[in-house]
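See structure below.
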Amino acid sequence: NDTLQLVFSTTKGLAAAAVALYVQQGLLDYSALVTKYWPEFGQNGKENTTVADILSHRAGLPDDVSPMEQYLNWTAMIHTL
């Protein structure tokens, strides 16, 4: 009951399966620009980033050094990205 579990990468498999399902259903395209789905993302030099770039960690997004409390703030995290 008191065991702590790190969850840094435990959701990667589930996320990959969900993304693949969206691609299979035609709801998402690996080669599409992220801005097709999230227009606000295309700021500060990110306008040519593809979904594949995001999924393969090639998007060039900087590490975030926000305070831990900010990670729980959806609006703040969207703004940071």
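Please treat every number below as a calculation from the coordinates, not as lab data. The model shown is predicted, which means the values in this text are computed figures rather than measured ones. No Cβ is skipped: glycine too gets one built from the backbone with ideal geometry, and neighbour counts run over all protein chains shown.
Some notes on this structure:
- The residue among Tyr37, Val65, Thr75 whose Cα reaches farthest toward the positive pole of the charge dipole of the stretch 29-80, with charges on the beta-carbon of Lys, Arg, Asp and Glu, is Tyr37.
- DSSP loop chymotrypsin sites (Phe, Trp or Tyr not before Pro) with at most 13 other Cβ within 10 Å excluded, longest remaining stretch of the chain: 38-81
- Going by neighbour counts of Cβ atoms within 10 Å, the residues Lys12, Lys36 line up, fewest first, as Lys12, Lys36.
- Ranked from largest, the principal axis spans of the Cα set of the chain equal 43, 30, 21 Å.
- Charged-residue dipole, Cβ positions (Lys, Arg, Asp, Glu), the stretch 29-80 about Cα centre, Debye nearest 20: 140
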